[in-house]
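Participant: Take a look at this one; I'll ask things after.
The values are calculated or read from the model by the stated rules, or taken from the named source; none is laboratory data. The model shown is predicted, which means the values in this text are computed figures rather than measured ones. Glycine also receives a Cβ, built like all others from the backbone with ideal geometry; neighbour counts cover every protein chain displayed. SASA here: full protein model, heavy atoms, side chains in, ligands and nucleic acids out. Shrake-Rupley method; radii C 1.70, N 1.55, O 1.52, S 1.80 Å.
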Amino acid sequence: MTLLPTTSLHDELMFIRSIQIFEGIYRQVAMNVSRAITALNENAIESACQVLCDAAGRIEATSVLYRVLTTMPKKSFGIIRENTHGRSAIQSRWFHKVQAACAPIARDAQTANEPTIVTGSNLQDLYLDCKEQIPPRQRDKLTASMKRLDQAWGSMKLNHWGITVKIIGTVPGTGGTAGASYLKASAEKSLFPSLHLYSSNGGEA
């Protein structure tokens, strides 16, 4: 099913299509992280690296979408925003599935909706449990793939924060959040919070 416009503004069609593209990307990334977990459980390290790099590449491509969105006049975006409550990553089931599949996540007190919690293995814990058994060269490659995805995800959230500040300033955000300040704080959260604590040789950094 497709989202239908709620205003007569032509810019809303661009906004809707952008939201749909983001949602599709989140879904693809979540599925790739799930595939990486399966591959890691099967000791298929190269396959895990491949799907993680594919996921990172998809996220890296979203910078183009943000540049498109910045062409929307502030006045138009303000009108659209008032009429499209809920069209936000905060309400995206797949957005939360990506984060929960990467590492355990806590309930977010700033959002009106609780994050989706993925049951079963998450990539970070699985990596920490098995990294000692992975040959050093493959472990380095896997670590680099996870860090690339983490960096891409953080950059995407920083872009979201940047466009929010540029277009709507510091007004309250969607999904019951504080707006730009919430997005900035969110952008600083890693997909793999424990990953930076360990060096590629398996010891604490």
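Participant: From HIS160, HIS196, grab the single residue that is over 21 Å from CYS53 (Cβ atoms) and at pLDDT 65 or above. I'd like the intermediate steps shown before the answer.
Facilitator: Details: HIS196 fails: over 21 Å from CYS53 (Cβ atoms).
Matching residue, one of HIS160, HIS196: HIS160.
Participant: Could you figure out which of (1) modelled with pLDDT under 95; (2) in contact with a Phe, Trp or Tyr (Cβ under 9 Å, 6 or more places away or on another chain); (3) under 21 Å from ARG27 (Cα atoms) isn't true of SER155?
Facilitator: If we test SER155 against (1) modelled with pLDDT under 95; (2) in contact with a Phe, Trp or Tyr (Cβ under 9 Å, 6 or more places away or on another chain); (3) under 21 Å from ARG27 (Cα atoms), just (2) comes out false.
Participant: Right, something else. Filter the stretch 130-157 down to the residues that are more than 16 Å from CYS53 (Cα to Cα) and out of contact with any Gly (no Cβ under 8 Å at 6 or more places or on another chain) and list them by number.
Facilitator: CYS130, GLN133, ILE134, PRO135, PRO136, ARG137, LYS157, listed by residue number.
Participant: Something else: Just one of ALA109, ALA61 is at pLDDT below 80, of a type in the set (A, V, I, L, M) and open to solvent by 40 Å² or more (accessible area, probe 1.4 Å); which is it?
Facilitator: Working: ALA61 fails: at pLDDT below 80.
Answer to the selection: ALA109.
Participant: What number goes with the only condition from (1) at pLDDT below 85; (2) open to solvent by 80 Å² or more (accessible area, probe 1.4 Å); (3) in contact with a helix residue (DSSP H, G or I) (Cβ under 6 Å, 6 or more places away or on another chain) that LYS141 does not pass?
Facilitator: Among (1) at pLDDT below 85; (2) open to solvent by 80 Å² or more (accessible area, probe 1.4 Å); (3) in contact with a helix residue (DSSP H, G or I) (Cβ under 6 Å, 6 or more places away or on another chain), LYS141 violates only (1).
Participant: Another question about this same structure. I need a count of the residues in the stretch 41-55 that are on the phi < 0 side of the Ramachandran plot and open to solvent by 10 Å² or more (accessible area, probe 1.4 Å).
Facilitator: Residues flagged as on the phi < 0 side of the Ramachandran plot and open to solvent by 10 Å² or more (accessible area, probe 1.4 Å) within the stretch 41-55 amount to 9.
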